[in-house]
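J.: Input: one structure, supplied below.
The values are calculated or read from the model by the stated rules, or taken from the named source; none is laboratory data. Keep in mind it's a predicted model, so treat the numbers as computed, not measured. As a convention, Cβ positions derive from the backbone with ideal geometry for all residues, glycine included, and neighbour counts pool all protein chains shown.
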């Protein structure tokens, strides 16, 4: 706590101005080791009693230089690295990267591969939202939902494990399609899972949606208007909860998303409660997409024709997908060699986290916790 | 390949030859002159409704005379359209900050400064974001080796010989 | 035997050792009560983890002993052996004494808790006042711990805690007073603050105060039940030690044995406030339905309850023993679990003995009611999210306090004019019938 | 019921009260002073109990120790302690201080010597059982008016505190 003054310059902290009885301002250092910062986020809060006057995020504790590594790996070799950014939604990361490189190579994955990609990505979105719900509820003090969501997330991880052998950092897709054909019983497993998890989502809602304390803790907390969301580049469920009906799956469909019928849930108030409702609704929409995809999955090859040594022509491409946290973009520059010249990842968590200060001003310390939870950040992605 | 649209025509009318509009693999981008930078961004946001700044980043070309490409990836909700604005600056050259246009540029510019050492004028607080304060060097430059580190910083702050 | 031992027993008078003035027996009672409370805390530790675990679809401790039964002992050993860290810059003396003060305050409360008409260490003329006063001393310990740690999280935790406890004490006190007012409706016409006197007043009036002047008693009990959760810093009012916000609140910097003293204090306080609620509203040591199901037959039937409880526990344990995996690796555990069941069965048999049976009735029902409260505490923890500080204050000052004042005033009016109450009930009944 | 070891407890409690009273004024750290003051108040509560005034003892604990002193500590903890420790502890008015001490000592000595003659020795009795009831009856009959005045005063104090504490009404 003592070293916090070094980086709080803009919080106009001036010790000499303090008088003997001036007990109003308190600098509180939260993290990087703190149970509610979801990893190694450090937040320096300037408090008036318990009211937040301002805060500053200190990030980078988990910085691994992913973008630098990309420049020294071939296109194929870099693929597993992207899983390590947003490790709770590794499949989405892989999808974004593979599609970006495919665009750069000007090839397209076969339809069956697209369907498998959609199923796995939506399952992953569900898993990510479940993890978010559990930890968010735990932050607000409701302990039980965590275990309920983890029980159900386990079923998703089991499907991943059977499909590609890994549970968390799946490396499920390859450039040009999928490495693996679905295993025997995949369809049955997924259908069983959809039937299994739909009532479980009602169960989570039963625990929280009408719980008075939950409503009081989340309503009008961390409110952000649609205008501010756009100005701060906030995307994903946070943007939608503010009332902007924008989802890249609908706006600029990728993979097979254009073929499915689903809705984009939105909120009105842009507060923590609306974000909670939007994510719950998104979980149901994901189930709808999975159901449609598993029903209509076509037969055919799962890999496009891709040469072993990939040398995309000189040029650059930006491709983004709707990750569970928001817009996940890849900007790739090719110089015609086997290695990307530059890979830039546009991380949704990083950009969303920037709005924390805005959302927390004037709120209480306890709300900071709620807001960090509701932003659904993953530090692996913030720091890369 | 050249990119032609009403938007490009309007911008060309305003800025003349400083704007070069291109398209590659169906994605549009503009190569603009460094001197146009704050104005063209302001106009893109105010008049063309590119109200969402997706990303601000840079690319390093050490062999070029003007070493850095600085990019703004923009999106317009109204038109459902993306556009990339690119400009070239030389080593040590400053560039106006876009924070007053899009607040989101704050951290993104800080990251570009952190990784490439690009100076953004008018940024409220241009300091390192991912790397610790006091670190020397900008790792995403091409002349910064992949196993390179600021061993002086590591020795002083972590008390170990090397981070590797 | 020396006379200071026998004199209290011989006379067979119905007073507590404290009132009788027998230091020896008072000391025995103190040891038994304090030892019993500590043991209850240990059991509570295991039960809370198990019950919470089963609510949350997990198993809880399973490794140490059969079904984790020895887990509290393992925890205790670990905590005792752990390094006791006093942080640099902490106020050593205050840091050292803070947990003691909490323990002192909490355990002092037990001197007047009536487990039965004579089963209390002592009975005081100001019993309930003493309990409230002494339990409010616990705040001091928390404030001292938070300040002495010389760190921001404990300080904020301590501030929250003291503000919270001071606020809820007000509502709590009002609810208590309304129960005390009810005691004045005896034939003698004088109220009492004595804990035993309050239970005896309920006996004399043939009603538990929770049902007295329905719904006034119930509301007062509800106010107390909410305030007591806040007083003991338990979920959903566990802000002072809110893990996700303040890591562990006022005891963030504590470790090892001293930390365990805080835990001991917290659980002992839970039992203490539950026993206040039981004494004031739930008829203390009296069995359920004393006047609805009266008569010697019912008395006899209810007298089997203590033994039956232990037989049920023994049955559950034996059932689990049979379900243990049949593998040589589990042999010791299976035998241990069986032995545990046997101990329960033996206790049940002892409780059936005629001499014992009559004497443990009061204690049994009192502890039974405490157990219900403890289960509620665990249930709250499994269900509720945590209140925010301003909301907590809002509940305390803007809901519970006005309710408490209203209930107190109404109780006072009704207590003075009981016929008013009858009239109102009659009017209400007619209204319903029309 | 007979009291146990009255003399011993009297001297124990008074000794502790005096000792902690001295600590209150000599400790440099205000938190320590406050804690010592709490100990003094607790000892006084014990003395009240020995005087068969359990109600006063209980109220002493609830109000002074549990309420007022906690708020005291609350405020002291928030104040910048390091600075207050550097300030001068005593105002060095030795002459008035010694005079006051001598006068007080003379008063005590006089009372000790002439005590029996000065006061009418009250009838000794153990009013323990009905003490609390008596306090209540007195408050609501003979001392009704002062009691209400006191409550009004407290109300004024509450409003004053709210007005002073609230920056923006």
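J.: Restricting to region D:28-39, and then to whatever is more than 9 Å from chain C (Cβ to nearest Cβ) and in contact (Cβ under 8 Å) with a residue 24 or more places away in the chain, can you tell me which residue is farthest from residue C:123 (Cα to Cα)?
T.: Step by step, filter region D:28-39, then rank; the result is D:28.
J.: Could I ask something else about it? Here is a list: B:51, B:55. Which entry is in contact (Cβ under 8 Å) with a residue 12 or more places away in the chain, under 26 Å from residue A:71 (Cβ atoms) and crowded, with 17+ Cβ neighbours inside 10 Å? So that I can check it myself, show each step before the final result.
T.: On the way: B:51 fails: under 26 Å from residue A:71 (Cβ atoms).
Sole residue among the options that is in contact (Cβ under 8 Å) with a residue 12 or more places away in the chain, under 26 Å from residue A:71 (Cβ atoms) and crowded, with 17+ Cβ neighbours inside 10 Å: B:55.
J.: With the condition kept exactly as written, say whether any residue in region A:7-23 is modelled with pLDDT of 70 or more and surrounded by 14 or more Cβ atoms within 10 Å (Cβ to Cβ).
T.: The answer is no, given that none of the residues of region A:7-23 is modelled with pLDDT of 70 or more and surrounded by 14 or more Cβ atoms within 10 Å (Cβ to Cβ).
J.: Among the residues of region B:105-127, which ones are at the interface with chain A (Cβ under 8 Å from one of its Cβ atoms) and more than 12 Å from the chain's Cα centre (by Cα)?
T.: B:124, B:125 - these are the residues of region B:105-127 that are at the interface with chain A (Cβ under 8 Å from one of its Cβ atoms) and more than 12 Å from the chain's Cα centre (by Cα).
J.: Further, regarding this structure: Considering each of A:176, A:185, A:222, A:165 in turn, give the residue that is crowded, with 20+ Cβ neighbours inside 10 Å and more than 13 Å from chain C (Cβ to nearest Cβ).
T.: Of the residues listed, the single one that is crowded, with 20+ Cβ neighbours inside 10 Å and more than 13 Å from chain C (Cβ to nearest Cβ) is A:176.
J.: Do you know which of the residues in region D:1-27 that are farther than 27 Å from residue C:124 by Cβ, at pLDDT below 85 and surrounded by 12 or more Cβ atoms within 10 Å (Cβ to Cβ) is nearest to the other protein chains (Cβ to nearest Cβ)?
T.: In this case the residue turns out to be D:27.
J.: For region C:85-143: of the residues being within 9 Å of another protein chain (Cβ to nearest Cβ) and not in a helix (DSSP H, G or I), which is farthest from residue C:262 (Cα to Cα)?
T.: Going through the qualifying residues, I end up with C:125.
J.: Of all residues in region D:57-66, how many are free of Cβ contacts under 8 Å to residues at least 12 places away in the same chain and more than 7 Å from every other protein chain (Cβ to nearest Cβ)?
T.: Total satisfying the criteria: 2.
J.: Please work out which residue is nearest to the other protein chains (Cβ to nearest Cβ), limiting yourself to region A:334-365 and to residues that are free of Cβ contacts under 8 Å to residues at least 60 places away in the same chain and surrounded by fewer than 23 Cβ atoms within 10 Å (Cβ to Cβ).
T.: Out of the qualifying residues, it is A:335.
J.: For region C:48-68, what are the residues that are without any contact (Cβ under 8 Å) to a residue 12 or more places away in the chain and not in a loop (DSSP other than H, G, I, E, B)?
T.: Within region C:48-68, C:53, C:54 meet the criteria.
J.: On to the next question. Within region D:42-56, restricting attention to residues that are away from chain C (no Cβ under 11 Å) and more than 15 Å from residue C:125 (Cβ to Cβ), which residue is surrounded by the fewest Cβ atoms within 10 Å (Cβ to Cβ)?
T.: Here the residue is D:47.
J.: Is region C:42-50 home to any residue that is over 20 Å from residue C:372 (Cα atoms) and surrounded by 15 or more Cβ atoms within 10 Å (Cβ to Cβ)?
T.: The answer is no; no qualifying residue exists.
J.: If you take the residues in region A:137-156 that are more than 10 Å from every other protein chain (Cβ to nearest Cβ) and touching a helix residue (DSSP H, G or I) at 6+ places or on another chain (Cβ under 7 Å), which one is nearest to residue A:91 (Cα to Cα)? I'd like the intermediate steps shown before the answer.
T.: Residues of region A:137-156 that are more than 10 Å from every other protein chain (Cβ to nearest Cβ), as a first pass: A:149, A:152-156.
Then drop every residue that is not touching a helix residue (DSSP H, G or I) at 6+ places or on another chain (Cβ under 7 Å), which leaves A:149, A:152-153, A:155-156.
Working: A:149: 19, A:152: 18, A:153: 14, A:155: 16, A:156: 12 Å.
Among them, the one singled out is A:156.
J.: Quick one: in region C:285-312, of everything that is touching a helix residue (DSSP H, G or I) at 6+ places or on another chain (Cβ under 6 Å) and touching a residue at least 60 places away in the same chain (Cβ under 8 Å), which residue is surrounded by the most Cβ atoms within 10 Å (Cβ to Cβ)?
T.: C:285
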